[in-house]
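The values are calculated or read from the model by the stated rules, or taken from the named source; none is laboratory data. Nothing here was measured: the structure is a model prediction, and the numbers come from that model. Neighbour counts are summed over all protein chains in view; Cβ atoms, including those assigned to glycine, are modelled from backbone coordinates with ideal geometry. Only protein heavy atoms, including side chains, enter the accessible area calculation; ligands, DNA and RNA are left aside. Shrake-Rupley method; radii C 1.70, N 1.55, O 1.52, S 1.80 Å.
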Amino acid sequence: MNYSKSVQFLLDYACPSIAYRTRKELLGESKNTTKMIELQKQILNDPKVKHILSLQKEDGWLGGAFHGTDEPESGIRYLCEKGVESDHPVIQRALEAIEIRGKGFDDGSLEHVGKVLDEYHFGGSQMIKACVFAYAGREKEAFIQEQIKKHYLLLIMLQT
């Protein structure tokens, strides 16, 4: 099937985020081209993107608790989905802040429920943390691979 008309339509009429991601993810265009740099600037000027970027605290933490609106989980996901490059300093500092907190990264909004869900391999705090890092292209991290393995094994057990 030939998608060239659809792709061209997206390049001509889509918002900067969709145009950027189409060029990057479908066409393999480098983020260093003039057009991509211009699209990235437009994305970074989006009011919601600017709001999320403004939530970063001195220690790198993004927003309030971990899980919820204006929090690291939803903020990093939103920025990555909008097409903000994962090497953006705010994203990198936010990920570092999560790593620095270690096992206590979810104290607050997920503290009790998330840890119980993790214990039973039902996708609690650690799975959500793994997803956040995967959004930012860090899926090779050991703790993400551990989550994949745990949940894969659970799926195998449930199928038997």
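Qualifying GluC sites (Glu not before Pro) in segment 1-78, where qualification requires a DSSP coil assignment and no more than 15 other C-beta atoms within 10 Å, comprise GLU29, GLU58. Carbon and sulfur: what percent of segment 11-104's accessible surface (1.4 Å probe)? Reported share for carbon and sulfur atoms: 52 percent. Here r is the Cβ-Cβ distance between PHE143 and LYS57 and R0 is 30 Å; the resulting FRET efficiency, rounded to 0.05, is 0.85.
Structure shown: which of LYS5/LYS35; LYS129/LYS149; LYS5/LYS140; LYS5/LYS50; LYS103/LYS149; LYS31/LYS149 lie over 24 Å apart, alpha-carbon to alpha-carbon? The answer is LYS5/LYS140; LYS5/LYS50; LYS31/LYS149. Given in Å, the Rg to one decimal and the Dmax to the nearest whole number for the Cα atoms of segment 1-95 are 14.7, 50.
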